[in-house]
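Asks: I have a structure I would like to understand better, so I am pasting it below and will then ask my questions one at a time.
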Amino acid sequence: MQLFDRLVGGCFSAEDRARKAFYGHNRFGSQELLPLTSITLAIVECEEQKDYGLLAETAAQLKKHAKAIPGSIFVKDRRAKK
């Protein structure tokens with residue numbers, strides 16, 4: 001992730017890097033100030049889990065948590081297993 005963060009910086013102007021954001025178009029076509037590109041990974045262990053709905057829900061919760069933190073990040077489900 002650190003390598004990605006260093007390399008992706010070359011895709012943006014010095015001004016964009018200084019403000020840690022760039023002007024781009026959102027999914028609705030409107031221009032807005034967006035954060036620089038980053039990577040978010042949500043890691044869920046599934047060795048014993050057979051309920052794919054629960055796996056997807058857990059991954060979505062982790063992703064939501066990780067997206068609230070600026071920059072590239074990975075999070076792992078560390079909640080106690082039953």
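Readers should treat all values here as calculations from the given coordinates under stated rules, not as data from a laboratory. What you see is a predicted model, and the numbers here were worked out from it, not measured in a lab. Note that each Cβ is placed from the backbone with ideal geometry, even for glycine, and that neighbours are counted across all protein chains shown.
Asks: Place a +1 charge on the Cβ of each Lys and Arg in the chain and a -1 charge on the Cβ of each Asp and Glu, then give the dipole magnitude about the Cα centre in debye, rounded to the nearest 20.
Replies: Charge dipole of the chain: 200 debye, to the nearest 20.
Asks: Starting from the 7 Å offset along Cα-to-Cβ, what nm value, one decimal, do you get for the label separation of residue 33 and residue 1?
Replies: 2.5
Asks: Tell me the label only: which of (i) 3, 11, 13, 12, 12, 11, 12, 12, 8, 5, 1; (ii) 3, 15, 24, 24, 18, 10, 5, 1, 0; (iii) 3, 13, 18, 17, 16, 12, 9, 7, 4, 1 is P(r) over Cα pairs in 5 Å bins from 0, in percent as calculated from this structure?
Replies: (iii)
Asks: Got the relative contact order for the chain handy, in percent, Cα pairs under 8 Å and 6 or more residues apart?
Replies: So the answer I get is 28 percent.
Asks: Relative to the first principal axis of the alpha-carbon coordinates of the chain, what is the inclination of helix 52-67, with its axis defined by its Cα atoms, in degrees from 0 to 90 and to the nearest 10?
Replies: 30
Asks: For the chain, what does the helix formula give at 222 nm: sum of -39500 (n - 2.57) over DSSP H segments with n ≥ 4, over the residue count, nearest 500 deg cm²/dmol?
Replies: For the chain, the value works out to -10500 deg cm²/dmol.
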